Structures are given as C-alpha cells and as structure tokens.
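Before any comments, here is the structure.
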Amino acid sequence: MNDIELQRLLEQMTLEEKVAQLLQLAPAFYEGANSAGQITGPLEGMGITEETVSQTGSVLGLGGAEEAITIQEAHMRRNRLSIPLITMADVIHGYRTIFPVPLAIGCSWDMELARRSASIAAKEAAVAGIHVTFSPMADLTRDPRWGRVMESTGEDPWLNSEYARAFVRGYQGTGVADEPYKIAACIKHFAAYGAAEGGRDYNTVDMSEWMRREYYMPSYKAALDEGCEMVMTAFNTVDGIPASGNRRLMRDLLREEWGFDGVLISDWGAVKEMIPHGVAEDEKECARKAIEAGVDIEMMSPCYPHHLQELVESGEVDIRLVDEAVLRILKLKRKLGLFEKPHRYADPAAERDILLSEEHLAAAHEAALKSCVLLKNEGGALPLAKGAKVALIGPFALSDDLLGPWSCMGVREEAVTLAEGIRAVAGESLVTAAGCGMEQMTDEELAAMLDAARSADVVVLALGEASEMSGEAGCRADIRLPCRQLELVKRVCELGKKTVAVLFNGRPLDLHGVLDEADAVLEAWYPGTKGGAAVAELLYGEANPSGRLTMSFPQSVGQVPVYYNAFNTGRPQSSPDAPVRYESQYLDIPNAPMLPFGYGLSYSDFRYGDASLSADSIGANGKLTLTVRVTNAGDRAGEETVQLYVRDIAGETVRPLRELKAFEKATLEAGASKEITFGIKEEMLRYHHSDLQYKSDPGKFEVMVGPNSRDVQTLSFKLNG
Ligand code: BGC
C-alpha cells in the first residue's frame, strides 16, 4: 500500500472510525471471541460500545497465537474498511523464555548479549502474535527506592544509551539481514520517569532542562536514532505538566526538534490521569490536551472515544491533529505488513517449536551467567569445593520466584531453582535445602535451617526480595532485606561456618548485615528461567563471575540518591577519614556509596599496569590514545571490564567528577596479559552548556582508567582551542 492509497483509506474513514484507531484496549474487551469468532466487549465501566471495540486500532497483550488469530479474524470481519488490529505487549526481558531483568543485563556490560536477548524475545513474541513491545525502558535511575529500577539498565546516560540501542536492534532486527521475526520497539517512559521524587512511583518529577538533557534524555534519543518505531509517555509531570499533555515535551522537543514521526502512545490510563494531576477538569479536557500534545494512542482510558469526535465537530480540536495521528498508526501497520498479512507471524505450530527452545534457554542461561555480580569474596570463600557438604537455606533456597517483575508469559514453575541448580552441580547427597517465607519465618523453619547449617561445611544463604517487592508500584522506603532475613544471616554467621550469601532482588540494597557478615556475596538479581543453574555454576567455579554494577549500592537509604557521576560542590569533602566541619558530607555515614558504579569481583585477579597517554594535549580533530596493560595474575581464566572515565576540570557549567566514556572487555587466561587502548576524541568531551548548546570547551581534563568508577588511575591532558 503506497502513500496515496493510505491517504485514500484515511479519507474513507468516518470521524468515529478515526477516533477508534486512537484507542488501545486490553484483551479483556475481546474475551469470548474464540469459537464463535465474535467480539463480545465492551468492558463494563469504560462506557465503550461494541461498535467502538470493533473499530479499535490496537490491543494490549494477548494470550498466544491462537487467540491473536481468532481476535484478528473476528476484527477483520467486523471492521468496515478491513484495517487490522495491531497487538502490543510488555515483552520486557523475554516472552516465555525469561532472561535476567534489564538491570541485571545492564550489569553484563555486554551489548551483544542485550541485543540477542531482545531478538529472542522478539522471535517468541512474534510467533505468538505480538507486533510491538513496550520496551526498552530507557529511564535513567538513581533512586533504588523506586521499584522500577529493575527495568532500567542503571545510572549512566551513555551506558543506558548503548543498551537502548542494543535492545532496539534486537527487537526490530535492525542491521541483521536474515532476522525474520521482528517486532517494533517502543521506548519509554518519555520523559524522566526514573526521577520520581522520593523514589515513589508516579510521583512528581522536576528538574532543570539542562539536567534533563545532560542525564535523562540521551538514552531515549539514542533509541530513536536507532530507528525505534514508537514512544510511550511517562506518568509523571515534566515542568509541572503531565507528560501525556505536555506540548513542549512532545510537540516541540520530540516531534519538532528530534524529528520523531512515529507513533506516540500514552502510558496506561495516563491521559485521564490529568484529572487527578489537577491539569484537567474532565475527560474532555484530557482528550484535548493529549491530542494537542501529540499523543496518538490513548492506552486504556476513554477520553478520546468519549470526546474527540465532539471536540473536532465543535471546532475546538483541528481535524488535522486526528488525521495525523491516524496516519501515523496506519503507517506503522503498513510497515509491519499487517494489511497484507493481518496475522503476521502468529503461528501456533511455530509457537510450540520456538518458545522455550533449547537455543533460547541456552541464551537465557548465558545471560544469567554474565549478569551476576560478585560483591565480596573473602578468604577465597568462593568458588565452593565440589565435595563440601552444603546447607542451602533461606527464602530463595527452594523458591521459583526467579523471573522477576514484567516476566510476560514466563512460567515460574519452568524456572530452575537454586536448589535444583546446586544439586545438579554438587550432587544430591551433599545438599540439604530448607526454605522459609520472604518476610515471615516460623520458629520451626528457623530451627530447620540452623540444623542444616550446623551439619554442613558451608552455608549458602539464598536471600532477597519477593518479585512483587519491586517493579511498577513496588517502591520501598527501607531498602534493607526484610528483618527476618537479616536475623537469619546473623544466626547463621554465629555458627562460624563458611557462609555465602546469594541475593535475588530488583534494586540496589543497603547491605549492612549481609556484606559485613557473610564471607562471600553474589548478586544474582532476578536471573530468569535458567537462573538457578547459572548461579550454581558460578558458585562452584564452573563459570567465573564477570558482572559489574550499573547502579551504586548506597550506605543507607539516607544517602539516596547516590550516583558516581555527581558534581563536586564548592565544598567537597577533603578527608573522608577525618571529617572537617562545613564540608559537603554526612556526620554519620561516608559520602561514598557502599559499592560503586562499575564494581564487581572475579575469581581471577586482574592487575593494572601504569596507564599512559600518547600526548598531553588534543586538538579539535585529533585523537589521544590511552594505553594500559591488564594482567590476569590469578589461576583461572576470566573477563575484566576495563572502564574509561573523563572529568572536565572547569566547564561553563559544573561537570561531573567522572563520566563513563568507554569500556573494553578483556578475556584473559590465567597468567595472560593484554594491552588495552582507548581513543579519546574531542566529541567525547562535549556537554550541554547553560544555553543548551552541546559542545566542548578547551582546557584541562582528567582521564581515568580502572576496574570500576572508584579504583582508578588518573592522567591529565588538555583540549586545545
Ligand atoms: C506501565 C508501562 C506498561 C503499560 C502497559 C503501565 O502501567 O507503566 O510500562 O508498558 O502499563 O502494560
């Protein structure tokens, strides 16, 4: 269908049909549409007629290929102009084969792994009848109280941008010639949703435009530069106006300045939420504000279907706004090939073959291996010796709650538990497993766990947060482990056995009471379908941990937000060990987080030689090279992530103490070493000035290299004017 035909189709549509294209409904509206092939909506309470349902443009989430085909067929029979439905879903970290949560994938520092996980998710989703995923979430996150940090890749704008690109490439198949199963990606939540005040979901976001552009916007923009088809609005306000009604954000920035001409969808119910936000008196005002701001699809609230027609007929809303929105949706349908093939890849037979295939499970397994972060390993507590008697205890010992929030069609029972994983590696007879509740623990459970610990050589404590303790609306003001779990750690450590803690959780935690008690700590996040198997292999050294944190772990919740790329202030702390009054610091805790961005240990022992620079200055078109030799002085092969940071000593605006600019992975056999080089160019030194221009300033810079954002060597150079 060419542009003229598409335009002709638009002209044939009644205003009512156009408006219905702009509505997205959940599958509940189509329930019962199976055998008789009839759509049986509408859902009570929303006040939508069956007629509207039959004209609707898109549906959110489906239960698989058969349902997708049935609903599409019924829809096509009823839709006067044969405009197919487009199906969208939250395919966030896998469809049925569940990968580690995005924050965990972030810790792999592996873009190919991220791309591959998205590509597999896309393949599974496509054969199950999904056309668009509401992913990736590119919100920058600094506040671990916010439950949705598990959906992001962390606190660094550059790394988040790289991941956003990788996920989009994976979903959409960009740059991969023979990738038959593509789905469209939708970057979210535009904009700055990750900065909700107090880490409380849906709460106010307010920051300067400068801050937004410097830190929060780059990852959305990167996704769009990669060709991401859709954008979703955020629930929060931006400069006092909810994103879904924010013309400056959507029309001026997204559409005009960035040139985005794809489909913009509201978040769930966000258009109508302008009423409680206090910027609209009624649904009608919501509809007007959203369409004026450029929202094409209203997800799950009825302001458009109830009022847009009337707004156009009364002349309050220009019909061109509606036409533009409809055209964008029709173009996406055309691009996805839905006019020729309304079922697209939906195929129950392929679904049976592809979902949870060996290949997909192997990829999820590899992703889990690469996402875990070794936080502590004192006295070589890990890896565990194969012949040792192990007590596996704690709430996650036997639990299958390993998929994490937003696990789409993932099935918990299909997850490999830690007990299963450890038994497979260590052998049945050597493992005693005993579990307990996540927040509650009976005296009997405690006694059984302590008994198991007493009779073992080593204790593996499987701790964490139940998945519903994070994710959307899963915010916590106290980010320690539940107190019963801390008590368990204490009781176990009193036994004097070698104790290893494995954490399953969705956010950086305050790890007092764990990190200081256990001999070793492995952060496993929510590792997905193959989680228990991967964690067991890491514990026994069949694989070597290589993950690095992409969010700082705070000393306490009182330090939040704490992030590595912060500004120096006019009174930086001069001596952390002997605090001086009237400097920027706390009286009761250090300024530094408990564990910094970029941190993670390995069973190998990586040593850095002295770094050197090829010159001490650089011109506008020049390039400096930093060289550093990294040696694996340990006795097993491993992977190091060598990180490069830059600091602009004096900018026009203040500049962060360090900013990640590049990283390089070095896979080194025991005893091997490798020279790592980084190119430094003027374009890496640019930033937003107070007038929002993006450019560099001549002057002094520092460049830092090391295994994380804290333990670096620092060199200096000048950027010539
Ligand atoms: C979430 C979005 C999600 C949408 C659809 C909302 O509540 O904020 O991230 O895509 O629901 O499920």
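The values are calculated or read from the model by the stated rules, or taken from the named source; none is laboratory data. Given the structure is predicted, the values throughout are model-derived calculations rather than measurements. Positions of Cβ are backbone-derived with ideal geometry, glycine not excepted, and every protein chain shown enters the neighbour counts. Quick note on the areas: whole protein, heavy atoms, side chains included, nothing else; ligands and nucleic acids left out. Shrake-Rupley method; radii C 1.70, N 1.55, O 1.52, S 1.80 Å.
Any idea how far apart Asp353 and Glu340 come out in nm if each label point goes 7 Å out from Cα toward Cβ?
Placing both labels 7 Å beyond Cα along the Cβ direction yields 2.1 nm.
For the chain, what is the mean residue ellipticity at 222 nm derived from helices alone (per DSSP H run of n ≥ 4: -39500 (n - 2.57); sum divided by total residues; nearest 500 deg cm²/dmol)? Intermediate results must be reported in sequence, preceding the final value.
Numbers: 18 runs with 188 residues, N = 721.
Mean residue ellipticity at 222 nm (helix-derived): -8000 deg cm²/dmol.
Mind checking which lysines have their Cα closer than 18 Å to the Cα of Lys718? Skip sequence neighbours fewer than 8 apart in that chain.
Lys718 reaches Lys623, Lys661, Lys681, Lys695, Lys700.
Express the relative contact order of the range 604-719 as a whole percentage, based on alpha carbon pairs under 8 Å and six or more residues apart in sequence. Don't skip to the end; give the middle numbers.
Numbers: 279 pairs, mean separation 36.0, N = 116.
It rounds to 31 percent for the range 604-719.
Mind jotting down the distance between the C-alpha centroids of the range 396-440 and the range 131-171, whole Å?
So the two Cα centres are separated by 26 Å.
Contour minus end-to-end for Asp616 and Ala424, with contour as 0.36 nm per residue of separation and end-to-end as the Cα-Cα distance?
Working: separation 192, 0.36 × 192 = 69.12 nm, distance 5.49 nm.
Taking Asp616 through Ala424 to full extension adds about 63.6 nm, to one decimal.
Give me the extension gain from Ser716 to Lys623: residue separation times 0.36 nm, minus the current Cα-Cα distance, reported in nm with one decimal. Let's see the in-between values first.
Values: separation 93, 0.36 × 93 = 33.48 nm, distance 1.43 nm.
Length difference between fully extended and current span is 32.0 nm.
Assigning unit charges at the beta carbon (Lys, Arg +1; Asp, Glu -1) and nothing else, what dipole magnitude in debye, to the nearest 20, does the range 361-539 show about its Cα centre?
Values: 16 positive and 26 negative charges, 94 e Å.
Charge dipole of the range 361-539: 460 debye, to the nearest 20.
Obtain the nm distance between the two label points defined at Asp261 and Glu50 by a simple spin-label model: each point lies 7 Å from its Cα along the Cα-to-C-beta direction.
4.0 nm
Considering only DSSP beta bridges whose two residues both sit in the chain, what percent are antiparallel, to the nearest 5? Working shown, then result.
On the way: 46 of 86 bridges.
Here the share of antiparallel DSSP bridges comes out near 55 percent.
Sort 359-369, 687-697, 126-136 by packing, meaning the average of other beta carbons within 10 Å per residue, with the highest value first. Walk me through the numbers on the way to the answer.
On the way: 359-369: 22.4, 687-697: 14.1, 126-136: 27.5.
Packing order, densest peptide first, comes out as 126-136, 359-369, 687-697.
Order the peptides 153-164, 246-257 from the highest to the lowest mean number of other Cβ atoms within 10 Å of their residues.
Values: 153-164: 25.0, 246-257: 18.4.
The packing order, highest mean first, is 153-164, 246-257.
Tilt of helix 358-371 relative to the longest C-alpha principal axis of the chain, in degrees (0 to 90, nearest 10)?
That works out to roughly 50 degrees.
Taking the Cα centroid of the range 689-721 and of the range 46-62, what is the distance between the two, rounded to the nearest whole Å?
53 Å
With Cβ to Cβ distances under 10 Å as the rule, what net charge do the other residues near Glu124 carry (K, R +1; D, E -1)?
On the way: positive: Arg96, Lys123; negative: Glu351.
Residues close to Glu124 contribute a combined charge of +1.
What number comes out for accessible area per residue over the range 285-434 if the probe is 1.4 Å? Units Å², please. All intermediate terms of the calculation are to be shown ahead of the outcome.
On the way: 5630 Å² over 150 residues.
About 38 Å² of surface per residue is accessible.
Using modelled backbone amide H atoms (1.01 Å from N, in-plane), which distant-in-sequence or interchain residues come within less than 5 Å of Leu511's amide H?
Close amide H contacts, sequence-distant or interchain: none at all.
When Lys and Arg each count +1 and Asp and Glu each count -1, what net charge do the other residues less than 15 Å away from Gln585, Cβ to Cβ, add up to? Walk me through the numbers before you get to the answer.
Working: positive: Arg571, Arg581; negative: Asp577, Glu583, Asp588.
Residues close to Gln585 contribute a combined charge of -1.
Given points 7 Å out from each Cα along the Cα-Cβ axis, report the Ala578 to Glu316 separation in nanometres with one decimal.
Distance between label points: 7.0 nm.
Using a probe of 1.4 angstrom, how much of the accessible area of the range 361-539 is carbon and sulfur, in percent? Display every interim value, and only then the final one.
Details: 2870 of 5860 Å².
About 49 percent, which is the carbon plus sulfur part of the accessible surface.
Extension gain Ala633-Arg607, at 0.36 nm per residue separation less the Cα-Cα distance, in nm? Show your work: numbers first, answer last.
Values: separation 26, 0.36 × 26 = 9.36 nm, distance 0.67 nm.
Working it through step by step, the gained length comes to 8.7 nm.
Kindly report the accessible area of the range 604-719 per residue (heavy atoms of protein chains, probe 1.4 Å, no ligands, DNA or RNA), in Å².
Values: 5320 Å² over 116 residues.
The answer is 46 Å² per residue.
Test of the criteria: in the range 148-236, which trypsin sites (Lys or Arg not before Pro) are in a DSSP loop and have at most 16 other Cβ atoms within 10 angstrom of their Cβ? Don't skip to the answer; put the middle values down first.
Values: sites: Arg148, Arg165, Arg169, Lys182, Lys188, Arg200, Arg212, Arg213, Lys221; in loops: Lys182, Arg200.
Filter output for the range 148-236: Arg200.
Below 8 Å, C-alpha to C-alpha, sequence gap of six or more: please give me the relative contact order for the chain in percent.
Working: 1787 pairs, mean separation 93.3, N = 721.
In percent, rounded to a whole number, it is 13.
Given the range 361-539, what count of lysine pairs have C-alpha atoms under 22 Å apart, with each pair 8 or more places apart or on different chains?
Close lysine pairs under the 22 Å cut-off: 14.
Helix 443-454: angle to the longest alpha-carbon principal axis of the chain, degrees 0 to 90, nearest 10?
Between helix and principal axis, roughly 50 degrees.
Would you mind pulling out the separation of the Cα centroids of the range 181-231 and the range 567-591, in Å?
If we compute the Cα centre of each part, the gap is 32 Å.
Measure nothing fancy, just the Cα-based angle from helix 111-127's long axis to the longest principal axis of the chain, in degrees from 0 to 90, nearest 10.
For helix 111-127, the angle is close to 40 degrees.
Please give the residues of the range 491-507, grouped as numeric ranges, whose backbone N is less than 11 Å from a label point set 7 Å along the Cα-to-Cβ vector of Lys389.
Within reach of a label on Lys389: no residues.
Given the range 604-719, what percent of its DSSP beta bridges are antiparallel, to the nearest 5?
Numbers: 38 of 40 bridges.
Looking only at bridges with both residues in the range 604-719, the antiparallel portion is about 95 percent.
On the accessible surface of the range 604-719, probed at 1.4 Å, how many percent belong to carbon and sulfur atoms?
Values: 2260 of 5320 Å².
That share works out to 43 percent.
Quick query: amide H of Thr499 versus all other amide H atoms, modeled in the peptide plane; which residues come in under 5 Å with a sequence gap of 5 or more or a different chain?
The answer is Val459, Asp519, Ala520.
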